[in-house]
1. Name the single residue that is surrounded by the fewest Cβ atoms within 10 Å (Cβ to Cβ) among those in the stretch 70-84 being more than 18 Å from the chain's Cα centre (by Cα) and assigned to a loop (DSSP other than H, G, I, E, B).
2. Return yes when residue 139 is of a type outside the set (A, V, I, L, M), modelled with pLDDT of 90 or more and outside the structural domain of residue 50 (by TED's automatic domain parsing) and no when it is not.
3. Taking only pairs six or more apart or across chains, which ones have beta-carbon atoms under 9 Å, a first residue in the stretch 89-101 that is in contact (Cβ under 8 Å) with a residue 12 or more places away in the chain and in the same structural domain as residue 53 (by TED's automatic domain parsing), and a second residue that is surrounded by 13 or more Cβ atoms within 10 Å (Cβ to Cβ) and of a type in the set (Phe, Trp, Tyr)?
4. Looking at 92, 56, 76 in this structure, which one is in contact with a Cys (Cβ under 9 Å, 6 or more places away or on another chain) and over 14 Å from residue 16 (Cα atoms)?
5. Taking the condition of being more than 17 Å from the chain's Cα centre (by Cα) and basic (Lys, Arg), how many residues in the stretch 1-28 meet it?
6. Any idea which residue in the stretch 36-69 is nearest to the chain's Cα centre (by Cα), counting only those that are surrounded by 10 or more Cβ atoms within 10 Å (Cβ to Cβ) and under 16 Å from residue 5 (Cβ atoms)?
7. Which one is surrounded by the fewest Cβ atoms within 10 Å (Cβ to Cβ), of the residues in the stretch 20-35 that are outside any loop (DSSP other than H, G, I, E, B) and charged (D, E, K, R)?
8. Residue under question is residue 170, and the condition is that it be surrounded by 15 or more Cβ atoms within 10 Å (Cβ to Cβ), in contact with a Leu (Cβ under 6 Å, 6 or more places away or on another chain), modelled with pLDDT of 85 or more and not assigned by TED's automatic domain parsing to the domain that holds residue 82; does it hold?
Amino acid sequence: MVDTGSGTTCISKRIVDKIKLPIKPQNPGELCNLFTANGTKLNALGTVDVDFNLNGLVFPYVAIVIDNLSDQCILGTNFLTATSAKIDFENGIISFEDDLVRMPVSSPTNSDYVRVVNHTILPANSESIISVKIPPSFSNVESIIEPRTPFGSVNFAVAKCLVKPQGSKTVCQILNCTDEPIILVRNRRIGQ
């Protein structure tokens, strides 16, 4: 997530553990107090050297590791400044390094979800590839599809995947790990 209200780039401990990055402890003189927008103090655990891959351009950066961060990563103004980021709100685009990389900027609204194209039956205990339609602003743009809801809150799992849609349609991988078939109705929101 890009956050112009955050001066600091942070990454979730969950993600750091998942990709097995070593956390460097902060020295007492480097300790910083970080707070959420509502004033809740965040638990900074240290820093990690991480490579942010933005549409193929890799930016090495030092991020602060936060325990229980609600987002996977927050790109703060320190990262945005270091990468010469420019946000074009009128066209919904963020660019880095003098337009070397351009990406759509979006926050999910009702029209920004990945939706099922046709009524689909997911067989019990199966993995399927299904046709989905994406928001118009992502047509023909390399994008990441993410699950709309965490696994466990629904009875299927959508794989997080990188797609290059043809027009406004692409496919995504979905898992039914129940003993019963699941029916996904046309236009059901399954991702973002």
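1. So the residue we want is 84.
2. Here the answer is no, as residue 139 does not meet what is asked.
3. Once the first residue is in contact (Cβ under 8 Å) with a residue 12 or more places away in the chain and in the same structural domain as residue 53 (by TED's automatic domain parsing) and sits in the stretch 89-101, its partners that are surrounded by 13 or more Cβ atoms within 10 Å (Cβ to Cβ) and of a type in the set (Phe, Trp, Tyr) give 96/59; 97/59.
4. Of 92, 56, 76, the one residue that is in contact with a Cys (Cβ under 9 Å, 6 or more places away or on another chain) and over 14 Å from residue 16 (Cα atoms) is 76.
5. 2
6. 69
7. Across the stretch 20-35, the extreme among qualifying residues is 30.
8. No, not satisfied.
The values are calculated or read from the model by the stated rules, or taken from the named source; none is laboratory data. What you see is a predicted model, and the numbers here were worked out from it, not measured in a lab. When we count neighbours, we look across all protein chains shown, and the Cβ atoms used for this are built from the backbone with ideal geometry, even at glycine.
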